[in-house]
Amino acid sequence: MAIPNQKLGLVMSPQEFMVALCMWLGIPVFASPPSSVRCPCGTVIDPHGDHVLGCGHGSLRNKRHDTLCDVIFNTVLVDNRDCKKEQRCNSHNNARPGDVFHPDFLQGRAAYFDVTVRNSLQASYLLESATQPGAAAAGGDSEKIAQYEDEVNAAGCDFYSLVVEALGVWFPSSLEILKIIARRAVLTTGTTVSRAIQHLLQQLSFSLWRYNAKLILDRLAICNVDNVM
Ligand SMILES: [Zn+2]
């Protein structure tokens with residue numbers, strides 16, 4: 001049975017859709033000369049809005065991350081009602097390697113999932129990303145594993161880095177973990193594996209692009225700039 005788009009969270013406002021479409025097609029979203037438009041962080045905003053996707057000004061970038069965490073959390077919750085968000089691995093520090101925590105994931109071991117969004121259009125990644133697709137995600141994956149894996153393993157648990165680039169490319173190992181998460185939910189929902197994977201990836205992709213559009217629209221409003229619409 002088809003699930004309504006509203007229930008899957010697959011609804012954009014017309015403005016969000018237009019901005020997302022411009023970005024997808026590579027059409028400039030700014031009508032004003034780029035040199036006259038500065039982000040509140042001081043950086044000149046390029047006509048395609050590439051800077052904005054990774055800029056930390058304001059709260060929307062964090063909300064984009066949190067929304068992806070929510071999609072994953074809601075999926076693991078179907079598999080196990082004891083899953084939690086924002087979990088520490090030990091009481092000795094405040095680090096929270098678990099954006100999402102599953103108490104019984106693979107082979108009965110507890111799992112900590114960390115979600116990261118990397119902007120492959122950021123200046124520091126641009127050269128590498130242009131020649132090696134997925135380079136920004138690979139860098140994010142290595143960083144998170146170095147940061148958290150030993151600590152989580154020492155606690156007898158498993159750490160899974162879930163890294164996606166701002167334009168939607170998941171790091172290969174992250175994608176495999178997402179597929180396992182979707183497959184486990186099938187045991188409860190009774191839907192097909194292919195449909196469960198499709199729904200999870202669709203919700204994640206849609207949420208990412210919706211918040212990319214929100215980030216652009218937010219800067220347009222702050223900078224008092226007209227866009228191409
Ligand atoms: Zn900025």
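Quick one: would you say Gln202 is more than 13 Å from the chain's Cα centre (by Cα), open to solvent by 40 Å² or more (accessible area, probe 1.4 Å) and polar (S, T, N, Q)? So Gln202 does not fit the description; no. Of the residues making up segment 157-194, those that are of a type outside the set (Val, Ile, Thr) and open to solvent by 40 Å² or more (accessible area, probe 1.4 Å) number 12. The helices (runs of 4 or more DSSP H) found entirely in segment 78-192 include none that carry 3 or more residues being among the polar types (S, T, N, Q), without any contact (Cβ under 8 Å) to a residue 12 or more places away in the chain and closer than 22 Å to Gln202 by Cβ.
Residues in segment 59-79 that are within 16 Å of the ligand (Cβ to nearest atom) and surrounded by 17 or more Cβ atoms within 10 Å (Cβ to Cβ): Leu60, Arg61, Arg64.
The set of residues in segment 117-143 that are modelled with pLDDT of 90 or more and under 22 Å from Trp24 (Cβ atoms) comprises Val117, Arg118. Residues that are at pLDDT below 80, out of contact with any helix residue (DSSP H, G or I) (no Cβ under 9 Å at 6 or more places or on another chain) and part of a loop (DSSP other than H, G, I, E, B) do not occur anywhere in segment 5-28. Scanning segment 58-76 for residues that are modelled with pLDDT of 85 or more and not in a helix (DSSP H, G or I) gives a single hit, Ser59. Being touching a residue at least 12 places away in the same chain (Cβ under 8 Å) and at positive phi is a condition met by no residue of segment 198-218.
The number of residues in segment 170-194 that are among the small types (Gly, Ala, Ser) and more than 18 Å from Leu106 (Cα to Cα) comes to 2. The set of residues from segment 40-55 being within 9 Å of the ligand (Cβ to nearest atom) and modelled with pLDDT of 85 or more comprises Pro40, Cys41, Gly42, Thr43, His51, Val52, Gly54, Cys55. For segment 20-29, does any single residue satisfy the condition of being farther than 30 Å from Asn153 by Cα and within 14 Å of the ligand (Cβ to nearest atom)? The answer is no, given that none of the residues of segment 20-29 is farther than 30 Å from Asn153 by Cα and within 14 Å of the ligand (Cβ to nearest atom). Can you tell me which residue among Ala136, Ala123 is over 18 Å from Ala182 (Cβ atoms) and open to solvent by less than 30 Å² (accessible area, probe 1.4 Å)? Checking each option against the conditions leaves just Ala136.
The values are calculated or read from the model by the stated rules, or taken from the named source; none is laboratory data. The model shown is predicted, which means the values in this text are computed figures rather than measured ones. Neighbour counts are summed over all protein chains in view; Cβ atoms, including those assigned to glycine, are modelled from backbone coordinates with ideal geometry. Just so you know, the surface numbers come from the protein's heavy atoms only, side chains and all, with ligands and any DNA or RNA stripped out. Shrake-Rupley method; radii C 1.70, N 1.55, O 1.52, S 1.80 Å.
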